[in-house]
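Report on the following structure.
Read-outs: derived from the displayed coordinates by stated rules, not from any lab. Quantities reported herein were computed from a predicted structural model and do not represent experimental measurements. Backbone-built Cβ (ideal geometry, glycine too); neighbour counts: all protein chains shown.
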Amino acid sequence: MKLRVSYFAAFREAAGVSSERVESGAATATALFAECAERHPGLQRYTASLVAINEEMTGWDAALADGDEVLFFPPVAGG
Amino acid sequence: MSDFRIVAEAIDCAAFRDSLVDRGCGGYVQFEGWVRDHNESREVLRLEYEVYEPLAIREGERIIREAIERFGVQRARALHRSGLLDLTDVAVVVGVASPHRGEAFAACRYIIDEIKHRLPIWKKEHYADGDAHWVRCDHCAAPGHEHSL
């Protein structure tokens, strides 16, 4: 399936891109992040914190579908 | 006017307060988060906030609604900065007006705590030695480090 993956803050700097289109067979968000970390070794030192699919916060075991937009968020630090 | 906004310009705290004045309220609590000159024993020169606005605004509005329902306060609003901030700049402001002070204190505390934990906002500290780090993210490099978020 085709997905769009976006990275923010430290993740964007570690991956070297803010967004990319990927072809993936990953069943879950967790598996997709692992695939992305293989492609961008800079991500391997991080534990991802929050994930959103199609602009909704979701869990790491959420299933992926063709055309999904997946947002990977590093740990947040507002305020 | 939305009760939660991300703003790129300096926050006017007096104007913010005035926007919440309500003749049915006898208590008003305002929290301001300021940019301070140190963190974890390093000298900080300035901060940079990155915000993913579509989700931050939606989740921020949800937090305000939760506070109003949970504590029964009359009015609540918050603003959060994005972009580059200098020392002593206001990074976030929360205001709560209520007939009585107790609920206003509790709701204000709830809103700032939830903002820190739930909004897709990241803070990069720029240090006096020229270095810069995303706050918290860098702890993730430590073996066995996990988040409770």
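Counting, for every residue in A:65-78, the Cβ atoms of other protein chains within 10 Å of its Cβ and taking the mean gives 6. Extending 7 Å from the Cα toward the beta-carbon at both A:Glu20 and B:Glu69 defines two label points whose distance is 4.0 nm.
The mean count of C-beta atoms from other chains within 10 Å of the C-beta of residues in A:52-63, rounded to a whole number, is 1. Remark: the range B:118-133, residue by residue, has Karplus-estimated 3J(HN,Hα) of 10, 8, x, 10, 10, 10, 10, 9, 9, 9, 4, 7, x, 7, 8, 9 Hz, where x stands for each Gly or Pro and the curve is 6.51 cos²θ - 1.76 cosθ + 1.60 at θ = phi - 60°.
Each residue of the range A:34-45 is assigned a 3J(HN,Hα), and the resulting list reads 4, 4, 5, 5, 5, 6, 10, x, x, 6, 5, 7 Hz, derived from the Karplus form 6.51 cos²θ - 1.76 cosθ + 1.60 (θ = phi - 60°), x at Gly and Pro. Here B:Tyr127 and A:Arg45 are evaluated by their C-beta separation; at R0 = 22 Å the FRET efficiency comes out at 0.60.
What residue among B:Arg36, B:Arg109, B:Arg136 has the largest mean-square fluctuation in a Gaussian network model of chain B, using Cα springs under 10 Å? Of the options given, B:Arg136 has the highest mean-square fluctuation.
Taken residue by residue and averaged, Cβ atoms of other chains lying within 10 Å of the Cβ of B:116-124 number 6. Loop-located GluC sites (Glu not before Pro) across the range B:21-108 with a Cβ neighbour count of 12 or fewer within 10 Å are B:Glu40, with loop assigned by DSSP.
Sum up the charges of everything whose Cβ sits under 9 Å from the Cβ of B:Ile64, counting Lys and Arg as +1 and Asp and Glu as -1, but leave B:Ile64 out.
Its environment carries a net charge of 0.
In loop segments of chain A as defined by DSSP, the chymotrypsin sites (Phe, Trp or Tyr not before Pro) with at most 15 further C-beta atoms inside 10 Å of their C-beta are A:Trp60. Among B:Arg75, B:Arg101, B:Arg42, the residue with the largest mean-square fluctuation in a Gaussian network model of chain B, with springs joining Cα atoms closer than 10 Å, is B:Arg42.
Across the range B:33-84, the relative contact order, built from alpha-carbon pairs under 8 Å that are at least six residues apart, equals 38 percent. In whole angstrom, note down how far apart the Cα centers of the range A:26-79 and the range B:1-37 are. Distance between centres, Cα-based: 34 Å. Taking 7 Å along the Cα-to-C-beta vector as the label spot, tell me the B:Asp89-B:Arg17 distance in nanometres, rounded to one decimal. Placing both labels 7 Å beyond Cα along the Cβ direction yields 2.3 nm. Taking every alpha-carbon pair under 8 Å whose residues sit at least 6 apart, chain A reaches a relative contact order of 40 percent. Estimated from helices alone, the mean residue ellipticity of chain B at 222 nm is -9500 deg cm²/dmol (sum of -39500 (n - 2.57) over DSSP H runs with n ≥ 4, per residue). Taking the Cβ of B:Lys124 as the centre, find all other residues whose Cβ is under 9 Å away and add up their charges (Lys, Arg: +1; Asp, Glu: -1). Summing Lys/Arg as +1 and Asp/Glu as -1 gives -2. Here the spin labels are modelled as points 7 Å beyond Cα on the Cα-Cβ line, and at B:Ser2 and B:His117 they lie 2.3 nm apart.
Under a Gaussian network description of chain B, with springs only between Cα atoms under 10 Å, the residue in B:Asp131, B:Asp86, B:Asp22 that fluctuates furthest is B:Asp131.
Output the relative contact order of chain B, whole-number percent, from Cα pairs under 8 angstrom with separation of 6+ residues.
33 percent
In this Cβ point-charge picture (+1 for Lys and Arg, -1 for Asp and Glu), the range B:1-140 has a dipole of about 600 debye about its Cα centre.
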